[in-house]
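The next block holds one structure in the form of structure tokens; read it before the comments.
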Amino acid sequence: MSDVRNVIVIGGGPAGYTAALYTARANLSPLVIEGFNWGGQLMITSDVENYPGYADGVMGPAMMQDFRRQAERFGAEYLTDDVTSVDFSARPFKVSIGRDEYLADSVIVATGASARQLGLESEARLQGRGVSYCATCDASFFRDKVVVVVGGGDSAMEEATFISRFASKVYLVHRREEFRASPIMVDRARNDEKIEFVLNKEPIEVLGDMKVTGIRLRDTVTGEESELETDGFFVAIGHDPNTALFLDQLDHEDDTGYLVTADRSTATNIEGVFAAGDVQDHVYRQAVTAAGSGCAAALDAERFLAAEHQRRAAATA
Ligand code: NAP
């Protein structure tokens, strides 16, 4: 492919589609390489009740369809495939899917993050049917119900404490007796009378046919197996940013891999390459903040392209 696009958006979640919407409406004809499994983390969520504008709530996948369609209406073009490599060393930037190469003057990286999964077959089968990766999204569905949260980091403590506002009982299941979480977060959970710690246990199966009814645990010290009845199963064992493609070219946090953007901007260390959404944010991680960040990246790209255009016009005058 020899033609050079104004902008390529990599990623099809709230950040990517919002960047696509804004760049499309700015007449930049974005090419969105949305990923084979487009839609991002909302595709494994059921009802979304905290996205402003959907007064009656919306199913995660339906919301992503809406996002996608809205950008398409203004001319965003989609490739439903996974990027396999990028070359940001020279302009135009190169973005490849296998042997097909796409060129662009600017790139918006919006590949998101993925909640770590335990990797159990039963966990995958019951996603959206009681298995959740997001307390902020789903806790309120477990009003007066019993819930298990798995994990021993700050996320697990925070989620357990948040869910206890709704649930009648929260079991916090962790595979060790020591916690990665900060002591203050552990204390907060320990002092919550609805939360019971279940330590030295790891989930080996989520029980239930159409919805979660319990979990099977294995004691990490004795190997003994046991069952716990529960209505909900929240996996809070961390997130990983989807940054493998970019680590050798874009600045990122050493320990986590999250991309680093300039203060109050979506600019990366490479001029013309922007990053938006969860791929550069492990603090807020909401669909609405990701969408806001996608909008910011589109505006940053637009300004960059306008300045670039002026520079080129001046150079040829
Ligand atoms: P994390 O600190 O990496 O903790 C992950 C936890 O999940 C660990 O306790 C780990 O157990 C457990 N785990 C991992 N894989 C597992 C598996 N396959 N089966 C069972 N347990 C498993 O992740 P996080 O809690 O999401 O926190 C990530 C970062 O965000 C941290 O820097 C944290 O401080 C920050 N954060 C801060 C706040 C806040 O300050 N409000 C809230 C959330 C997150 P082991 O300990 O045994 O490895």
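The values are calculated or read from the model by the stated rules, or taken from the named source; none is laboratory data. Bear in mind that the values here come from a model prediction, so they are computed numbers and not experimental data. Note: ideal-geometry Cβ built from the backbone for every residue, glycine included; neighbour counts use all protein chains shown.
Here are some notes:
- Selection within region 218-261 - within 16 Å of GLY277 (Cβ to Cβ), surrounded by fewer than 17 Cβ atoms within 10 Å (Cβ to Cβ), away from the ligand (no atom under 12 Å from the Cβ) and in contact (Cβ under 8 Å) with a residue 24 or more places away in the chain: none
- Among the criteria (1) in contact with a Phe, Trp or Tyr (Cβ under 6 Å, 6 or more places away or on another chain); (2) more than 15 Å from the ligand (Cβ to nearest atom); (3) touching a residue at least 40 places away in the same chain (Cβ under 8 Å), the one LEU103 does not fulfil is (1).
- The set of residues in region 132-162 that are among the β-branched types (Val, Ile, Thr), surrounded by 20 or more Cβ atoms within 10 Å (Cβ to Cβ) and either within 14 Å of the ligand (Cβ to nearest atom) or not assigned by TED's automatic domain parsing to the domain that holds ILE195 (or both) comprises VAL148, VAL149, VAL150, THR161.
- Flag for ALA167 being modelled with pLDDT of 95 or more, more than 19 Å from ASN200 (Cα to Cα), in contact with a helix residue (DSSP H, G or I) (Cβ under 6 Å, 6 or more places away or on another chain) and of a type outside the set (Ser, Thr, Tyr): yes
- Failed condition for ALA62, given (1) among the small types (Gly, Ala, Ser); (2) surrounded by fewer than 16 Cβ atoms within 10 Å (Cβ to Cβ); (3) assigned to a loop (DSSP other than H, G, I, E, B): (3)
- Residue within region 209-217 that is touching a residue at least 24 places away in the same chain (Cβ under 8 Å), hydrophobic (A, V, I, L, M, F, W, C), buried (at least 21 other Cβ atoms within 10 Å of the Cβ) and within 16 Å of the ligand (Cβ to nearest atom) present: yes
- Of all residues in region 172-184, those that are closer than 16 Å to ILE195 by Cα have Cβ atoms under 6 Å from Cβ atoms of residues that are within 6 Å of the ligand (Cβ to nearest atom) and assigned to a loop (DSSP other than H, G, I, E, B), 6 or more apart or on another chain, in HIS174/GLY152; PHE179/GLY152; ALA181/GLY153.
- The listed residue being outside the structural domain of ARG285 (by TED's automatic domain parsing) and over 25 Å from the mean Cα position of the chain (by Cα), out of ASP192, ASP231: ASP192
- Exclusive hit being of a type in the set (Ser, Thr, Tyr) and under 18 Å from the mean Cα position of the chain (by Cα), set TYR78, TYR17, TYR22: TYR17
- Test result for PRO30, closer than 19 Å to CYS134 by Cα and either of a type outside the set (A, V, I, L, M) or modelled with pLDDT of 95 or more (or both): no
- Annotation note: of ALA275, ALA317, the sole residue that is small (Gly, Ala, Ser) and over 23 Å from ALA24 (Cα atoms) is ALA317.
- Scan of region 106-131 for residues that are away from the ligand (no atom under 16 Å from the Cβ) and of a type in the set (A, V, I, L, M, F, W, C), ordered by number: VAL107, ILE108, VAL109, ALA110, LEU126
Yes or no, residue by residue, for (1) buried (at least 16 other Cβ atoms within 10 Å of the Cβ); (2) in contact with a helix residue (DSSP H, G or I) (Cβ under 9 Å, 6 or more places away or on another chain):
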residue	(1), (2)
ASP3	no, no
GLY11	yes, yes
ALA26	yes, yes
GLU34	yes, yes
TYR54	no, yes
ASP87	no, no
ILE97	no, no
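- Residues (within 16 Å of the ligand (Cβ to nearest atom), on the phi < 0 side of the Ramachandran plot and modelled with pLDDT under 95) located in region 262-291: HIS282, VAL283, TYR284, GLN286
- Residues satisfying the criterion are present in region 288-302 (criterion: of a type outside the set (A, V, I, L, M, F, W, C) and closer than 28 Å to PHE142 by Cα).
- Screening region 164-207 for residues that are among the small types (Gly, Ala, Ser) and near the ligand (Cβ under 9 Å from one of its atoms) and picking the one that is farthest from THR136 (Cα to Cα) gives SER182.
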